[in-house]
Amino acid sequence: MAEDDWRDNPLITEALGPNYVYLLIDPDGDEVFYVGKGTGWRFAAHLVEDHVIGDEGPDEELGAKQRRIDTIRARGDQPRVEFARRQIQTETEAYLVEAALIDVLRRHGPRSVVNAVRGHGADLGLITLDELQEQVATPDLTTVIPAILIKLSWWVDEQDTVLPRNGYGFKRGMSQEALYDSTRAWWRLNIPRARDFEYAIAVFQGVTRGAWRIDHSAWRSEGEKVAFGGHPLEPGDVAYEDFVGTIGRRVPAIRVDGRAVFGTGQPLAYWP
């Protein structure tokens, strides 16, 4: 559909309502590759502009989305738009719908979904019954030992020839070596500030999963992102017991001073 067709029908935005959540779909295979929240003609910008001005999100997400759109257009096609939910009355509700769809698609849908973060309210998102039981039975993280907390998402198979590794994120049954490689890279952080912290802690679904003593002589860079090197802590080590223990420690959403532990969409947090 041409741009004028969108603009000439004000009933479209009226039908969509104050807020909506939309999907971008590759017509070759009908794969959803992006979930977005919008108002007005936001959805149409992906169809009529080479690059969408005002896009929000991590740089890697924007780049991956644009590359997918460019690939579709190179075939002489256009991404297809579908609306997952219309007439959403508040932006907060729209964010929750968007986050729920990202959760489901990233775990059970096509590997091609390019949303880099899970969205708003991710800590209350998709979770298995076993994970929920584990989460509510896990003691709180209360130590005051300084550490960098690194929040992992679900496992994604992706070759990284630089580190190297076969993917990133968290999955049940992964080896400690795989968890280490998943946790150590690639992040945007200030290395001078990071040097004030001795430990790096993997966190998944709000629960700590592994701990390493950072080797501050082993930082490495790739573009604007960095990877740490470290040595695994062992059970019995005071820091290991404080951060992980037998079944992990549940990371609180809010610090004692009232600030959030993890900022919105942020995978790193400096503890405590």
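Table for the structure above
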| item | result |
| --- | --- |
| Nearest 10 degrees, 0 to 90: helix 59-74 Cα axis against the chain principal axis | 40 degrees |
| Highest-fluctuation residue, PRO235, PRO139, PRO79 considered, GNM on the chain with Cα pairs under 10 Å | PRO235 |
| Max mean-square fluctuation residue, GNM over the chain, Cα-Cα springs under 10 Å, options TRP212, TRP155, TRP41 | TRP41 |
| Per-peptide average of other Cβ atoms within 10 Å, ordering 173-179, 91-97 highest first | 91-97, 173-179 |
| Region 205-272 shape via C-alpha gyration tensor axes, a/c threshold 1.5 | oblate |
| Most fluctuating residue given options ASP196, ASP77, ASP130, as computed from a GNM of the chain linking Cα atoms under 10 Å | ASP130 |
| At 0.692 mPa s and 37 °C, Stokes D of the chain from Kirkwood alpha-carbon radius, µm² per second | 161 µm²/s |
| Relative contact order computed over the chain (Cα-Cα under 8 Å; 6+ residues apart), in percent | 16 percent |
| GLU198-LEU129 FRET efficiency (beta carbon distance; Förster radius 35 Å; 0.05 resolution) | 0.45 |
| Loop trypsin sites (Lys or Arg not before Pro), region 225-272 (other Cβ atoms within 10 Å of the site Cβ: 16 or fewer; DSSP) | ARG255, ARG259 |
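Bear in mind these aren't lab numbers, they're just calculated from the coordinates by the rules spelled out. On a predicted model such as this, the values are computed, not experimentally measured, just so you know. Backbone-built Cβ (ideal geometry, glycine too); neighbour counts: all protein chains shown.
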